[in-house]
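The values are calculated or read from the model by the stated rules, or taken from the named source; none is laboratory data. Worth saying up front: this structure is predicted, and the values here are computed from it rather than measured. Positions of Cβ are generated from backbone atoms using ideal geometry, with glycine treated the same way; all protein chains shown enter the neighbour counts. These accessible areas exclude ligands, DNA and RNA; they are computed on the full protein's heavy atoms, side chains included. Shrake-Rupley method; radii C 1.70, N 1.55, O 1.52, S 1.80 Å.
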Amino acid sequence: MTVGIISKIHPVRSHSNAAQGGINAALNPDDSWESHAFDTVKGSDYLGDQNAIEIMCREAPDEILHLEHLGVTFHRNDQGLLGTRAFGGASAARTYYVADITGQAILHVLYEQMLKYSDQIDRYEEWFTVDITTDDDGRCSGAIMRNIRDGSLEVFKAKTVILATGGSGQIYKPTTNALVCTADGQAMAYRAGASLMDMEMIQYHPTTLLGNGLLITEGARGEGAHLYNALGERFMEKDAPNKMELASRDVVSRAEQTEINEGRGFPDGSVHLDVTVVPKKRIHEALREIVMVGRDFAGIDITKEPIPVKPGQHYIMGGVKTDVDGQTDIPGLYAAGEVACVSVHGGNRLGANSLLDTLIFGKRSGVHAAGVAKQRNMPDVPATRLDQVRDEIDERINRAPGTGRRVSEVKAELGAIMDAKVAVYRDEAGLQEALEVVRRLKEEAKTATIDDKGTVFNQDVLGSIELGYMTDIAETIVLGAIERKESRGAQFRTDYPERNDEEWLKHIDIKLVDGEPKIEYSPVTITQWQPQARTY
Amino acid sequence: MPKYTLNIRRFSPETGKPAYFETFDVEMEGHRPVLDAILEARADQDGSIGIRCSCQAAICGSCGVRINGNPALACNTLLRDAVATAEDGVTIDIEPMGNMPVIKDLIVDMDAVHWKKVDRVVPWLVPAGDPPEREYVVPHEAMVDVTQTMACIHCGVCVSDCLSMEADPEFIGPAASAKAYRFVGDPRDSATKDRLVHLANDPSGIYDCTHCFKCVEVCPKGVAPMNQIMRLRRRATGDYKIKDHNNGYRHEKAFVNIIEKWGTLHEAKLLPDSYGEGILGKATPDAQKNLIGSLPTALRGLASGKVTIPKVLHHHKIPDIDKVQDIYKKVEGRPERIELNLYIVGEDADALEEEGASEVTPIAATAPAEEGAS
Ligand SMILES: Cc1cc2nc3c(=O)[nH]c(=O)nc-3n(C[C@H](O)[C@H](O)[C@H](O)COP(=O)(O)OP(=O)(O)OC[C@H]3O[C@@H](n4cnc5c(N)ncnc54)[C@H](O)[C@@H]3O)c2cc1C
Ligand code: SF4
Ligand code: SF4
Ligand code: FES
């Protein structure tokens with residue numbers, strides 16, 4: 001059996017790098033996986049599937065130890081043991097971290113391991129997946145890739161395929177997500193016939209830098225930083241008297257947005273995150289990255305001045321619907337990480353649970369997919385499929401400029417409408433308007449033009465393909481948000497401000513049937529935690 | 001809204017044409033990064049401008065370029081700072097990084113150079129035997145220490161302008177050396193000696209660095225590769241008595257002594273001090289060969305303005321040389337060895353007072369760096 005890893009950017013450039021804060025696990029003797037699981041269930045506003053959450057939280061401690069053994073330079077306490085920091089929505093300090101480069105450290109160490117086993121793993125770095133193929137029985141048979149370096153197109157036949165393509169944040173502007181987070185995997189799976197789930201659940205992070213949307217890690221609040229409005233009030237006292245700044249993200253983001261909407265924000269439309277209350281040595285040791293972000297991207301010294309922040313798009317809880325082994329609706333096709341929806345995050349993801357999700361379900365998908373691959377013959381992908389994809393890409397490249405809008409223009413409009421109408425607070429009228437615009441943009445994307453006619457590193461044509469991915473997925477996000485007529489987790493409907501367990505304690509699934517999105521429901525798995533009112 | 005002119009070096013191998021410069025005018029606030037301006041030019045004017053980029057936050061390591069001749073990340077260089085170093089005060093020159101072949105426009109082939117070098121340092125942890133049941137117990141400081149090199153984002157900015165790599169393309173280079181220290185400094189790794197023997201014996205290994213400081217100066221993540229190289233050398237010669245064919249240990253001692261005496265690097269004295277008085281006088285045959293090999297380096301220093309004639313003739317002690325000497329006293333007065341570590345930078349003096357003396361080291365390490373940057 002051979003394994004190939006395909007990535008449209010060099011793997012160490014992947015967006016997991018951006019995860020500053022850390023990764024959760026109940027590893028301390030006085031902590032328990034049940035407590036971690038309960039926090040996650042509550043954080044999800046009871047939309048998370050509890051069987052999956054149990055698996056994730058039970059397997060978390062061993063995963064941290066495994067990473068530690070591979071070489072991740074986790075922070076130590078005075079005794080030389082793994083040390084933790086506090087994170088939002090958690091009842092214990094169970095976030096393990098590497099300064100504020102946790103994701104980078106984990107990603108790089110995993111890449112080191114990939115180099116170590118390079119005799120067993122083929123790496124295709126800077127190859128772009130254009131299409132997931134299925135055979136006549138509806139099984140996944142491989143994928144079609146474009147070699148970015150020379151523009152050649154190839155079929156990768158595969159017994160099993162795992163999507164680990166990350167998030168979709170570029171659908172919004174601003175976003176904390178990197179330019180490569182363009183919903184590729186979600187869109188390819190959706191087009192191939194897989195169901196998407198919980199797509200309406202878009203997380204807005206409470207502390208993104210005003211202006212460019214860069215993330216200020218929750219670790220800052222974990223280390224003790226405060227939020228203030230323009231009146232100098234620590235407004236979280238009103239909304240979460242116990243957990244204050246460390247309530248769940250949806251709660252803190254809404255509180256901030258309320259302050260801003262009701263005129264208690266600063267004139268630039270921000271609230272202030274004050275890190276100066278954290279001891280300096282600690283800032284330099286544990287929040288080094290945001291010292292640099294403050295200095296390089298906002299021109300401020302965060303050890304001396306408050307940081308202007310506002311809620312900003314950060315994470316998509318929804319994604320390709322999978323079971324606890326990563327299997328999608330399409331046999332042989334798996335999904336893990338931010339592209340997938342198991343669902344462990346439900347309506348709202350807790351900070352530092354996402355890296356964990358990628359690792360636990362990534363591993364489970366790998367184990368399962370390898371087992372299935374051993375039992376299967378290599379499928380065939382007809383050459384006509386490759387020709388079809390090649391023609392389609394050539395058509396994009398050859399569209400005459402001026403015959404449609406520029407790809408960049410369509411993308412900008414998409415980002416703006418999503419951030420305006422499908423954000424922290426939503427209502428029917430706004431969502432309907434967004435649907436109309438997104439559907440128009442989806443059509444415009446089909447004729448949008450680019451400039452680059454070349455084959456070597458034609459990033460322009462990749463942008464055009466990505467735009468198609470994003471408009472498809474944006475439509476499902478808006479449809480989900482319209483469908484869910486209640487407020488739960490990240491979905492807050494001002495026209496339906498209450499959570500309504502009777503009618504809406506269920507997942508919204510969306511799949512493509514005869515070219516049209518079709519909505520279905522699926523039940524939420526509850527094992528031991530019945531829904532309760534959610535206060536922090 | 002201020003207007004900026006980007007002068008971008010364009011190259012596409014498919015056209016058969018040589019590289020050329022093309023200018024793009026962009027209106028944008030000066031506190032926005034150069035990358036945003038390039039992306040705006042790409043969005044509105046020419047979608048074929050090639051540049052790798054993703055995070056826009058100096059964390060993915062994609063966007064290394066040369067801005068007005070200096071290697072940097074496009075995403076954390078602000079337009080107003082870039083224009084300040086422009087030759088004509090207006091036009092920002094943007095070129096691909098050096099020391100690596102250009103693929104297209106601002107995109108270089110890092111596999112062919114950087115990643116190949118990373119492969120040379122056995123870039124994974126080699127633990128001794130089976131892992132413990134729980135975590136490895138290791139000192140807090142050791143993890144903070146190697147995290148400095150873990151913070152390397154493999155952007156290649158240091159590789160771009162490494163002086164030694166220009167002279168010897170096989171040189172292991174700053175980033176791969178930092179990667180090597182990431183394991184050598186990690187108490188969980190069991191291959192320390194092998195790693196050091198390998199790095200020391202490799203003719204293009206750690207003793208091939210000319211201490212030009214460029215990598216320290218340009219690294220956007222404070223990895224300070226040259227410092228890691230010096231620490232690798234110290235470990236190799238000091239801890240493992242690995243014979244240094246290239247005379248680097250004496251070079252390093254000379255370096256340390258010069259800093260103690262002058263506070264900054266006295267480049268004119270460095271070569272003679274490293275290789276023996278009267279230049280060829282007492283030097284070993286190996287060292288003589290190396291000194292001759294180093295001469296072009298010194299000359300290049302002259303040519304690039306790094307070693308200027310006035311500098312050679314009048315080398316001034318820095319004003320607060322007492323402070324530097326105090327640091328030496330403190331460091332040398334301690335029973336255990338302290339590694340110079342730049343990891344926790346930016347703390348001001350009062351914080352140091354509060355927290356005790358152990359963080360005095362950054363000042364020692366940064367003082368010469370500033371000189372090197374001049
Ligand atoms: C700023 C920020 C901070 C965060 N902080 C934390 C935190 O502290 N703790 C936490 O747990 N989570 C955090 N998260 C969330 C977490 O980082 C992400 O959810 C997680 O890293 C996603 O990992 P992934 O493996 O799914 O995707 P990614 O790491 O994004 O990887 C996706 C991969 O897929 C490849 N790919 C995508 N499309 C294609 C295609 N078409 N063809 C070929 N390859 C493709 C990409 O090249 C890339 O290698 C943070 C997120 C952000 C944005
Ligand atoms: S100090 Fe050494 S490694 Fe760094 S740039 Fe100069 S020659 Fe290269
Ligand atoms: S050492 Fe610094 S400059 Fe060099 S590759 Fe790493 S992060 Fe970039
Ligand atoms: S875009 Fe990621 S480092 Fe600049």
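From the square roots a ≥ b ≥ c of the eigenvalues of the alpha-carbon gyration tensor of the stretch A:118-196, which class results: rounded (a/c under 1.5), prolate (a/b over b/c), or oblate? Mind showing how you got there, number by number?
Values: a/c = 1.95, a/b = 1.23, b/c = 1.58.
Here the stretch A:118-196 falls in the oblate category.
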> From the backbone phi of the stretch A:50-67, what are the Karplus-calculated ³J(HN,Hα) couplings (6.51 cos²θ - 1.76 cosθ + 1.60, θ = phi - 60°) in whole Hz, Gly and Pro given as x?
Replying inline: 6, 5, 5, 4, 4, 4, 4, 6, 5, 7, 4, x, 5, 5, 4, 4, 4, 4
> Where the centroid of each part is defined by its Cα atoms, how far is the stretch B:22-57 from the stretch B:121-200 in Å?
Replying inline: 34 Å
> Which of the residue pairs A:LYS238/A:LYS485; A:LYS321/B:LYS221; A:LYS238/A:LYS421; A:LYS243/A:LYS310 have a Cα-Cα distance greater than 31 Å in the structure shown?
Replying inline: A:LYS321/B:LYS221
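Accessible area per residue for the stretch A:1-133 in Å², computed with a 1.4 Å probe and the full protein assembly in place, what is it?
30 Å²
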>> Restricting to DSSP loop positions (anything but H, G, I, E, B) with no more than 13 other Cβ atoms inside 10 Å of their own Cβ, which trypsin sites (Lys or Arg not before Pro) remain in the stretch A:210-301?
In response: A:ARG234
>> Amide H of A:LEU350 versus every other amide H placed in the peptide plane: which residues, excluding those fewer than 5 positions away on the same chain, fall under 5 Å?
In response: none
> Going by a 1.4 Å probe on protein heavy atoms, which residues of the stretch B:1-27 end up with at least 40 Å² less accessible surface in the whole assembly than in their chain alone?
Replying inline: B:GLU14
>> Expected output is a single nm value to one decimal: the length gained when fully extending between A:ARG191 and A:ALA533, i.e. 0.36 nm times separation in residues minus the C-alpha distance. What is it?
In response: 119.3 nm
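Solvent-accessible area per residue for the stretch A:342-490 at a 1.4 Å probe radius, Å²?
Per-residue value: 36 Å².
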>> Tell me the angle of helix A:459-483 to the major Cα principal axis of chain A, expressed in degrees between 0 and 90 and rounded to the nearest ten.
In response: 60 degrees
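By the gyration tensor of its Cα atoms, with a ≥ b ≥ c the square roots of the eigenvalues, what is the shape of the protein assembly as shown: rounded for a/c under 1.5, prolate for a/b over b/c, or oblate?
On the way: a/c = 1.65, a/b = 1.45, b/c = 1.13.
Taking the square roots of the gyration eigenvalues as a ≥ b ≥ c, the protein assembly as shown is prolate.
Taking only protein heavy atoms into account and a 1.4 Å probe, give the accessible area per residue of the stretch B:43-106 in Å².
Values: 1940 Å² over 64 residues.
With all protein chains present, the stretch B:43-106 gives 30 Å² per residue.
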>> Residue by residue through the stretch A:192-203, what is 3J(HN,Hα) from phi via Karplus (6.51 cos²θ - 1.76 cosθ + 1.60, θ = phi - 60°)? Round to whole Hz and write x for glycine and proline.
In response: 7, x, 7, 7, 9, 9, 6, 5, 6, 8, 10, 7
>> How large a share of the accessible area of chain A, in percent, is made up of carbon and sulfur atoms when the probe is 1.4 Å and the other protein chains stay in place?
In response: 49 percent
>> Need the C-alpha centroid separation for the stretch A:453-488 versus the stretch A:411-450, integer Å.
In response: 10 Å
> Taking amide H positions as placed 1.01 Å from N in the peptide plane, with prolines and chain starts having none, which residues 5 or more places from A:LEU215, or on another chain, fall under 5 Å of its amide H?
Replying inline: A:LEU209
>> Between helix A:249-261 and chain A, what is the angle of the helix's C-alpha long axis to the longest principal axis, kept within 0 to 90° and rounded to the nearest 10?
In response: 70 degrees
> By how many nm would the segment from A:LYS506 to A:GLU436 lengthen if fully extended, with 0.36 nm per residue of separation less the alpha-carbon distance?
Replying inline: 22.6 nm
> So for the pair A:VAL513, B:ARG134, with labels modelled 7 Å out along Cα→Cβ, what separation do we get in nm?
Replying inline: 5.4 nm
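Once you have the alpha carbon radius of gyration of the stretch A:144-246, what is it after dividing by 2.2 N^0.38 Å, with N set to its residue count? If you can, show how the numbers build up before the last one.
Details: Rg = 20.0 Å, N = 103, 2.2 N^0.38 = 12.8 Å.
Taking the Cα Rg and dividing by 2.2 N^0.38 Å, one obtains 1.56.
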> Hey, any idea what the orientation-averaged projected area of the convex hull of the stretch A:298-368's Cα atoms comes to, in nm²?
Replying inline: 6.4 nm²
>> So if I take the centroid of the Cα atoms in the stretch A:497-536 and the same for the stretch B:84-113, what is the distance between those two points in Å?
In response: 51 Å
> Roughly how big is the B-A contact, given as buried accessible area in Å² (both sides, 1.4 Å probe, nearest 100)?
Replying inline: 5600 Å²
> Between B:VAL197 and A:GLU428, what is the FRET efficiency for a Förster distance of 56 Å, r being their Cβ-Cβ separation, to the nearest 0.05?
Replying inline: 0.20
>> I'd like the per residue volume of the convex hull spanned by the Cα atoms of chain A, given in cubic angstrom.
In response: 149 Å³
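Please report the orientation-averaged projected area of the stretch B:76-166, defined via the convex hull of its C-alpha atoms, in nm².
Working: hull surface 38.8 nm².
Computed as one quarter of the Cα hull surface, the answer is 9.7 nm².
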> Is the shape of the stretch A:478-525 rounded, prolate or oblate, going by the alpha carbon gyration tensor and its root eigenvalues a ≥ b ≥ c, with a/c under 1.5 for rounded and a/b larger than b/c for prolate?
Replying inline: oblate
>> Once R0 is set to 22 Å, what does the formula 1/(1 + (r/R0)^6) return for the Cβ-Cβ distance between B:GLU29 and A:ALA230, expressed as a FRET efficiency to the nearest 0.05?
In response: 0.45
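Are any of the pairs A:LYS157/A:LYS442; B:LYS261/B:LYS323; A:LYS116/B:LYS241 more than 20 Å apart by Cα-Cα distance, and if so, which?
Details: A:LYS157/A:LYS442 30 Å; B:LYS261/B:LYS323 11 Å; A:LYS116/B:LYS241 29 Å.
A:LYS157/A:LYS442; A:LYS116/B:LYS241, as the Cα separations exceed 20 Å there.
Using a Förster radius of 41 Å, what is the FRET efficiency between A:ASP135 and B:ASP119 based on their Cβ-Cβ separation? Nearest 0.05, please.
Numbers: r = 38 Å, r/R0 = 0.93.
Using R0 = 41 Å, I get an efficiency of 0.60.
Per residue, how big is the convex hull around the C-alpha atoms of the stretch B:58-114? Give it to me in cubic angstrom, could you? Provide the component values of the computation, followed by the final result.
Numbers: hull volume 4.3 nm³, N = 57.
For the stretch B:58-114, the hull spanned by Cα atoms encloses 75 Å³ per residue.
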> Which ³J(HN,Hα) values in Hz, rounded to whole numbers, follow from the phi angles of the stretch A:415-423 under the Karplus curve 6.51 cos²θ - 1.76 cosθ + 1.60, where θ = phi - 60° and Gly and Pro get x?
Replying inline: x, 5, 5, 5, 6, 7, 10, 10, 10
> Pairing the Cα long axis of helix A:383-398 with the longest principal axis of chain A, what angle in degrees results, from 0 to 90 and rounded to the nearest 10?
Replying inline: 70 degrees
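Looking at the stretch A:143-236, which GluC sites (Glu not before Pro) are DSSP coil and have at most 16 other C-beta atoms within 10 Å of their C-beta?
Loop-located and lightly packed - A:GLU233.
Full extension from A:ARG123 to A:ALA370: what is 0.36 nm times the residue separation minus their Cα-Cα distance, to one decimal in nm? Don't skip to the end; give the middle numbers.
Values: separation 247, 0.36 × 247 = 88.92 nm, distance 1.73 nm.
Computed gain between A:ARG123 and A:ALA370 is 87.2 nm.
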> Which far-off residues, 5 or more places away or on another chain, put their amide H under 5 Å from the one on A:ALA90, with H placed in the peptide plane?
Replying inline: none
